[in-house]
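Structure, as structure tokens:
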Amino acid sequence: MPRFFCSLLALAAVSLLLVTPAPVLADDELDEFDEDESQGEDTDEQEGDDADTDDELDDELEEEVDNEATYQAYQAEVEGESAAEELDAWNRYLEAYPQSIFRLEIEQKIQGLEDAAFQELAADDELDTPQEATDAKYQEMEFAEPAFLALSPNTRRKVDVGVLWGFQDHLNYELMFEWAFFRRFSAFGSIRHDGHGFGAGLQAGAKYALLKDVRTGVVLSGAFSVDVGYSGFDGLNVAIQPWIGFGWLASEIVQLQTSLSIDLRLDRFHTWVIWDAMVVINPKPRFGIFIANHQKHSILKTEGVPTQYLGFHQAGVGVKLRPIQPIEITVGANIPYAWRLWKDYRYFGAHADLTFYFKKGPK
């Protein structure tokens, strides 16, 4: 029996050893274990992210730094531009390459361009013309039309209709058309009656502006025309007329025009020298007052006339109106103030004129 109990005790001891569970960790110990593992994983991930960020920064720095080829190519591209445009271009270059190896040189260049751009702006202000306006050399010059049915020194595209009452009971008229093919060259033609008796005259010619300067307001022109006409007083007449004219826009208020021409008769041996002058004062942009002079001199003796010199001089005064920009209206009176032999033809008279300018002109 004792041997039996000893065997049972031994078996029970072995059973206890086999069924005894493994030791259990406390909750706090488990939390600390999890945190240690997670910290280890985060550390590995952070090291990977830092490596990626360093690569991106390196790429950005490489993009912000230029090289000599890039700089020279850009310099060639902006060469020839105005100071203001080049200044803006180099500022944009530094924005694209803030770490440029040529930054010091570019900043010195920018400083010089700022001074040059300021001088360009000051020059534009002196011209007193907006940047969007047509270039000064293509601007039109606003000369008033002559008051005594004569040529203007300016070359324009226009239609002109005038009437002149005088020579006792005779009505004189003119219809003229001028077309400027180039800014300084135009052709013109007219039909008119400005003498004694029945009839009319045709004139055709060309005009060229030797000088047409907007800055000084000066126009100097020459013209050549052929006149063919008939009148009850002179009969059939043919003449050539070289002409030279001068105009000056002294200011926005005052302008001066004058012309000299020679009327060479081909059908008979006779010559006239004609001189015109006009001063216009514009107290307002659309209103002006003019004073005009017209002189006609004979320098060769005419058959049937007892004297070599004949003269007939007129003076005029009136107003000029510009109701709208393309239209000019002239109304005035004229009076003879000197004559030789032609006493029967002195008169008091009145004249009116309507001129339409085409807006678009040649360049």
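Scanning region 337-344 for residues that are at pLDDT 95 or above, of a type outside the set (D, E, K, R), surrounded by 15 or more Cβ atoms within 10 Å (Cβ to Cβ) and closer than 25 Å to SER261 by Cβ turns up nothing. Going by the conditions given, is VAL273 closer than 18 Å to VAL218 by Cβ and not small (Gly, Ala, Ser)? So VAL273 fails the test. Look at region 82-109: where a residue is assigned by TED's automatic domain parsing to the domain that holds GLN72 and a partner is among the polar types (S, T, N, Q) and loosely packed, with under 14 Cβ neighbours inside 10 Å, sitting 6+ places away or on another chain with Cβ atoms under 9 Å, you get ALA83/GLN119; ILE101/ASN67. Quick one: would you say LEU220 is over 26 Å from GLN203 (Cα atoms), among the hydrophobic types (A, V, I, L, M, F, W, C) and assigned by TED's automatic domain parsing to the domain that holds PHE188? It is false that LEU220 is over 26 Å from GLN203 (Cα atoms), among the hydrophobic types (A, V, I, L, M, F, W, C) and assigned by TED's automatic domain parsing to the domain that holds PHE188. Considering region 169-283, the qualifying strands (runs of 3 or more DSSP E), each wholly inside and each with 1 or more residues that are of a type in the set (Asp, Glu), surrounded by fewer than 20 Cβ atoms within 10 Å (Cβ to Cβ) and under 25 Å from the mean Cα position of the chain (by Cα), run over 199-213.
The values are calculated or read from the model by the stated rules, or taken from the named source; none is laboratory data. None of the values given here were measured: they were computed from a predicted structure. FYI the Cβ positions are ideal-geometry reconstructions off the backbone, even for glycines, and counts take in every protein chain you see.
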